[in-house]
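Chemist: Just passing along the structure, written as structure tokens.
The values are calculated or read from the model by the stated rules, or taken from the named source; none is laboratory data. The structure presented is a predicted model; accordingly, all values stated were derived computationally and were not measured. Ligands, DNA and RNA are stripped out before the accessible areas are found, and what is left, the full protein with its side chains, is counted by its heavy atoms. Shrake-Rupley method; radii C 1.70, N 1.55, O 1.52, S 1.80 Å.
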Amino acid sequence: MGGISIWQLLIIALIIVLLFGTKKLRTLGGDLGSAVKGFKKAIGDEEPSAEKKDAAADADFDQKKLADEQQAGQAQKSQKDKEQV
């Protein structure tokens with residue numbers, strides 16, 4: 001009596017498809033799926049895989065490289081300042 005029948009659910013689904021369109025609903029579904037996947041990944045107590053460890057090491061290497069380049073640039077600037085004096 002108070003429940004929703006299958007026909008009422010189909011009518012509601014049809015109205016939603018007509019209002020939003022299938023492309024928008026597909027995009028929304030993909031976004032929702034990736035959000036749930038990210039949430040499950042965040043709450044999981046998994047050990048980082050070897051790929052993630054390698055990527056972290058690469059990122060650390062890049063940071064050191066950038067720091068070295070900045071120091072070299074500062075040294076060249078100091079040397080130019082001394083030459084101008």
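Condition check ((1) polar (S, T, N, Q); (2) modelled with pLDDT under 90; (3) open to solvent by 90 Å² or more (accessible area, probe 1.4 Å)) across all residues:
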| residue | (1), (2), (3) |
| --- | --- |
| Gly3 | no, yes, no |
| Lys23 | no, no, yes |
| Thr27 | yes, no, no |
| Gly30 | no, no, no |
| Val36 | no, no, no |
| Lys53 | no, yes, yes |
| Asp58 | no, yes, yes |
| Asp68 | no, yes, yes |
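Chemist: Further question on the same structure: Yes or no: the stretch 42-50 includes at least one residue that is outside any helix (DSSP H, G or I), of a type outside the set (Asp, Glu) and modelled with pLDDT of 75 or more.
Modeler: Initially, the stretch 42-50 is screened for residues outside any helix (DSSP H, G or I), giving 44-49.
This time we only want the ones that are of a type outside the set (Asp, Glu), so: 44, 48-49.
Imposing the further condition that a residue be modelled with pLDDT of 75 or more reduces the set to 44.
The answer is yes, given that some residue of the stretch 42-50 is outside any helix (DSSP H, G or I), of a type outside the set (Asp, Glu) and modelled with pLDDT of 75 or more.
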